[in-house]
Amino acid sequence: MGLMIYGYAVADPLVIRLPDTATVVGPDISIGDVADLIGSGNGDLERVRRLTIGKAAPAGDTAVITQQYIKICLRREGFSLSDFDFEGADSSQVLTQSQDFHPSDLLPEIKKFVMQQVKEDAANVDVKLSGQDKTISLPAGAIKTDFRPTFSGLYEGQVLLTADLEINGRTYKVLPLYVDIEIYHPVVVTTSRVEKGDKFTDENVALIRTPTSKILSGSLSQLNYAIGRTASIPLVPGTVLRYMDIFDPPVIVHGSIVQAVVRRGNIELDVDARAIEDGKAGDEIRVENTDSHKVLKGKVVDEKTVLIDQDQM
């Protein structure tokens, strides 16, 4: 933790830890290529990491980088050695050897990471890399990848993932990756044209896995919600079926004679009434008592019954 001197913060020294061996791509060697840097260095971390300290050996050969040589390079660039702590080996054997790497090599790991975030069945998630799969030269060695969570917390559509690439246990590269993620759920979809008034059957609708980006509110997720029902509007093939696309006719129509029922505790009274309005089950409609011609309001129970609020009687 930094000290406070006369009101100014003094940063902890930037630690430069030199390993016994390192691998580089070449043609140049930077401090970050061969050493682990620990701390912020009073804002100089990236400048130190990218500081070129020499040329790499020819491919397959090694060069020797010493702590003393790194100190000379730092002083040459105007740094004070009091801002650094040096740890690790006195010298490092630096091999020049590269490997070709493609972002698509990470696809299995990307899918695994995305699955941990979305908590969906693997069969319902499709993950693809977008953009060109360019070849990247990396130092030879075992590659390990850690993915950072997205800033938005969303994992659908085109998403920017950030991958930290470690080679032989050392962080080498931060790689941005654009990933297209589609999550699929089964919904009822028209398989042929359906005209207004047509019945939905196995011949014109099916349960199809569909991207959630194309699934609107009120979409049907089970076939039995649609089969045998009537289309309220014309529908083209490939339409995700919604409740509003199904004709739901009133169970009571204007002018029909119904039973207006009033319940008071265990007592139930009923009178004949004429419907003044159309209504579906659960709707509140007006009815007229056929004897007194009094207009009452009640809730439609079925095609023959309207439940009247007892306060009206």
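The values are calculated or read from the model by the stated rules, or taken from the named source; none is laboratory data. Owing to the predicted nature of the structure, the values given are computational and were not obtained by experimental measurement. Ideal geometry is used to build each Cβ from the backbone, glycine not excepted, and the neighbour counts take in all protein chains shown. For accessibility, only protein heavy atoms count, side chains too; no ligands or nucleic acids. Shrake-Rupley method; radii C 1.70, N 1.55, O 1.52, S 1.80 Å.
Go through region 129-144 residue by residue and tally those that are outside any loop (DSSP other than H, G, I, E, B) and touching a helix residue (DSSP H, G or I) at 6+ places or on another chain (Cβ under 7 Å).
Of region 129-144, the ones outside any loop (DSSP other than H, G, I, E, B) are 129, 136-139, 143-144.
Then drop every residue that is not touching a helix residue (DSSP H, G or I) at 6+ places or on another chain (Cβ under 7 Å), which leaves 129.
Total satisfying the criteria: 1.
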Being touching a residue at least 24 places away in the same chain (Cβ under 8 Å) and of a type in the set (K, R) is the filter; apply it to region 145-174 and report the residue that is surrounded by the fewest Cβ atoms within 10 Å (Cβ to Cβ).
K173
Residue list for region 113-128, filter: part of a helix (DSSP H, G or I) and among the hydrophobic types (A, V, I, L, M, F, W, C)
F113, V114, M115, V118, A122, A123
Pick from region 175-219 the residues that are assigned to a loop (DSSP other than H, G, I, E, B) and small (G, A, S): which of them is most open to solvent (accessible area, probe 1.4 Å)?
S217
So for region 91-111 (the condition being in contact with a Pro (Cβ under 7 Å, 6 or more places away or on another chain), touching a residue at least 24 places away in the same chain (Cβ under 8 Å) and on the phi > 0 side of the Ramachandran plot), does at least one residue qualify?
no
If I ask for residues that are without any contact (Cβ under 8 Å) to a residue 24 or more places away in the chain and buried (at least 17 other Cβ atoms within 10 Å of the Cβ), which ones from region 236-259 would you list?
D245
Look through T201, T191, T210, T171 and report the one residue that is touching an Asp or Glu at 6+ places or on another chain (Cβ under 9 Å) and at pLDDT 90 or above.
T191
Yes/no for V94 being among the β-branched types (V, I, T), more than 20 Å from P149 (Cα to Cα) and touching a helix residue (DSSP H, G or I) at 6+ places or on another chain (Cβ under 8 Å)
yes
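Only one of S40, S30, S104 is touching a Ser or Thr at 6+ places or on another chain (Cβ under 7 Å) and under 28 Å from I136 (Cβ atoms); which? Before the answer, list the steps.
Working: S40 fails: touching a Ser or Thr at 6+ places or on another chain (Cβ under 7 Å); S104 fails: touching a Ser or Thr at 6+ places or on another chain (Cβ under 7 Å).
Selected residue: S30, the only one of S40, S30, S104 that is touching a Ser or Thr at 6+ places or on another chain (Cβ under 7 Å) and under 28 Å from I136 (Cβ atoms).
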Pairs, please: C-beta under 8 Å, at least 6 apart or cross-chain, first residue open to solvent by 30 Å² or more (accessible area, probe 1.4 Å) and in region 223-235, second small (G, A, S)?
L223/A206
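Out of S217, S232, report the one residue that is polar (S, T, N, Q) and over 21 Å from N124 (Cβ atoms).
On the way: S217 fails: over 21 Å from N124 (Cβ atoms).
It is S232.
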Any chance you could count how many residues in region 32-87 are farther than 20 Å from T171 by Cα, open to solvent by less than 80 Å² (accessible area, probe 1.4 Å) and modelled with pLDDT under 90?
0
Go through region 240-287 and give me each residue that's under 30 Å from Q222 (Cβ atoms) and among the acidic types (D, E).
D245, D248, D278, D283, E284
